[in-house]
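I have placed the structure first, in the form of structure tokens, so that the comments after it can refer back to it.
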Amino acid sequence: MAESLTESLRVDRLYKAFGGSPVLEGLSFSIQAGDIVGIIGRSGAGKTTLLRCLHGAETPDAGDVFIEGQEIGRLKEKELLAVRRRIGMVFQNFNLLKSRTVWGNISLALEIAGISKSARIARIQELIGLVGLEGHENKHPSQLSGGQKQRVGIARALATNPAVLLCDEATSALDPETTSSILALLSKINQELSITIVLITHEMDVIHRLARRVMVLEQGRIMEDARIEHFSGTKEKHALTQFFEGEEQSVLSGQRLSAIQNEKPHGGLPALRVTVAESALFTSLIPALYEQFSITSQVLRVNLNENYSDTGATHFVILSRDDENALNWLVQNVEKMEVLGYVPSGI
Ligand SMILES: Nc1ncnc2c1ncn2[C@@H]1O[C@H](COP(=O)(O)OP(=O)(O)OP(=O)(O)O)[C@@H](O)[C@H]1O
């Protein structure tokens, strides 16, 4: 599908804090109509808060959110409701009304929008067909599988013809097979209806399978923002993938950090401290390291520079192979690089 150049949504210096602690630290970005953007980040990075600000469910402390060119903070109640209809939300836990059937849950969004009964019937039938729930119209949520519940959630989100679909961990509660079918449905919706999709997730695999652009959110800041082909280069797992793999990984990271030694054991992997002027820079070098030297880089820790105006960062990284050419290449492309030591392979 040819990409339209119309802007679907834009945020400008979006800032949000809870109890004095900043959660979104002045984010600015724009999303083109028809794009699929994945926002990835660890738990607490601010993903849900960002999505809630985009939907108008959360009021930013500073900064603006524009939906199809309209700044939602300046709209009156009635105008805000109309703009909100242009945004559909899909939730991790589906958020269906237990007391209503599949039909009734989808209908609710249309009832709230004041759509007449005859128009509702036609629209619900259309949506049921689109998400593949024919024959399940009269079932209640308790009679549905997780995947079917999410199909209802998607149909409900699409009911008012939104321009943007915001998906908050839409597949996190689903098994791998069901996840695949929901991702396929979202892809179909994007292609057939030209709907912009913004999905937040902590699963790199979901990003690889659906997103065309990826933003990495870390401590309320965008650490990287790239088209998917420039983000990873291949479908191989690379450091960032591992970085976001959760608890197990952080235990592993801890083990690996404490295993750094001066002497290089046989097959030992180099552990580096890499300082860059811009925090996003190192993660953008990871695909190049892979392409040029077939080396993957595991980022164990990122320390952002304290000074807010300085976006630099220090990364602690383990490379998958000790390669002099790769190390020389890195030295030329970053502010500062030190080999801290080596870790035995296999840890
Ligand atoms: N309503 C609230 N009141 C106070 N603190 C909040 C509120 N909502 C979010 N936070 C805090 O803001 C931070 C970011 O939360 P958010 O839910 O946006 O992160 P997330 O990246 O979506 O995490 P997760 O993947 O765990 O859902 C967290 O420290 C959270 O505790």
What strands (runs of 3 or more DSSP E) completely inside the range 4-107 contain at least 2 residues that are closer than 21 Å to Ala211 by Cβ, more than 13 Å from the ligand (Cβ to nearest atom) and small (Gly, Ala, Ser)?
21-32
Looking at the structure I just gave you, is Lys149 in the same structural domain as Leu96 (by the TED database) and in contact with a Pro (Cβ under 8 Å, 6 or more places away or on another chain)?
yes
Can you confirm whether Ser345 is at pLDDT 70 or above and closer than 20 Å to Asn262 by Cβ?
yes
Give the range 137-163 a look and list any residue that's in contact with a strand residue (DSSP E or B) (Cβ under 7 Å, 6 or more places away or on another chain) and among the hydrophobic types (A, V, I, L, M, F, W, C), or say none.
Ile154, Ala157, Leu158, Ala163
Within the range 222-240, which residues are at pLDDT 85 or above and farther than 19 Å from Leu50 by Cβ?
Arg227
Residue satisfying condition, being within 12 Å of Ala157 (Cα to Cα) and in contact with a helix residue (DSSP H, G or I) (Cβ under 9 Å, 6 or more places away or on another chain), within set Leu97, Leu133, Leu80, Leu110:
Leu110
Being modelled with pLDDT of 70 or more, buried (at least 18 other Cβ atoms within 10 Å of the Cβ), away from the ligand (no atom under 16 Å from the Cβ) and on the phi < 0 side of the Ramachandran plot narrows it down to one of Leu217, Leu199, Leu193, Leu269, so name that one.
Leu269
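The values are calculated or read from the model by the stated rules, or taken from the named source; none is laboratory data. No experiment lies behind these values; they were computed from the predicted model shown. Because the Cβ atoms are built from the backbone with ideal geometry, glycine has one as well, and the counts that use them run over all protein chains shown.
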